[in-house]
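Chemist: Take a look at the following structure, please.
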Amino acid sequence: MNERLERLIEEMVQKGIRFADANREFERRFISKVVAQCDGNLSRAADTLGIHRNTLSRKMTTLRIKRRPGPFSPT
């Protein structure tokens with residue numbers, strides 16, 4: 001994984017991608033993936049991420065991540 005990350009970073013630097021843009025996109029995708037794996041359960045997702053649930057909620061709002069309902073949640 002370390003080599004893949006190095007290649008990705010090198011490619012991003014060569015393409016002139018700014019740090020803030022790369023950081024925001026990584027954070028958005030990482031959080032989205034964990035929330036999906038936790039079936040939309042924010043408490044469990046926050047636990048998995050190692051952050052407070054309120055922090056996760058704020059980040060999701062800021063990054064415009066929609067919470068997908070879990071299998072037993074009302075839609």
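Chemist: Quick check, is Ile51 part of a loop (DSSP other than H, G, I, E, B), among the β-branched types (Val, Ile, Thr) and under 21 Å from Lys66 (Cβ atoms)?
Modeler: Working: part of a loop (DSSP other than H, G, I, E, B): yes; among the β-branched types (Val, Ile, Thr): yes; under 21 Å from Lys66 (Cβ atoms): yes.
Criteria met by Ile51.
Chemist: Could you check, for region 8-22, whether at least one of its residues is assigned to a helix (DSSP H, G or I), of a type in the set (D, E, K, R) and over 28 Å from Thr61 (Cβ atoms)?
Modeler: Filtering region 8-22 for residues assigned to a helix (DSSP H, G or I) gives 8-14, 19-22.
Still in the list and also of a type in the set (D, E, K, R): 10-11, 21.
With the extra rule that they be over 28 Å from Thr61 (Cβ atoms), the set shrinks to 10-11.
Scanning region 8-22 turns up at least one residue that is assigned to a helix (DSSP H, G or I), of a type in the set (D, E, K, R) and over 28 Å from Thr61 (Cβ atoms).
Chemist: Could you grab the pairs with beta carbons closer than 8 Å, sequence gap of 6+ or different chains, first residue in region 27-52 and on the phi > 0 side of the Ramachandran plot, second one surrounded by 14 or more Cβ atoms within 10 Å (Cβ to Cβ)?
Modeler: Gly40/Arg67
Chemist: For region 1-47, give me each residue that is under 24 Å from Arg64 (Cα atoms), among the charged types (D, E, K, R) and surrounded by 10 or more Cβ atoms within 10 Å (Cβ to Cβ).
Modeler: Across region 1-47, the qualifying residues are Asp21, Arg24, Glu25, Glu27, Arg28, Arg29, Lys33, Asp39, Arg44, Asp47.
Chemist: Tell me which of these Arg64 doesn't satisfy, since it passes every other one: (1) under 11 Å from the mean Cα position of the chain (by Cα); (2) surrounded by 16 or more Cβ atoms within 10 Å (Cβ to Cβ); (3) over 22 Å from Leu5 (Cβ atoms).
Modeler: For Arg64, the failing item is (2).
Read-outs: derived from the displayed coordinates by stated rules, not from any lab. None of the values given here were measured: they were computed from a predicted structure. Glycine also receives a Cβ, built like all others from the backbone with ideal geometry; neighbour counts cover every protein chain displayed.
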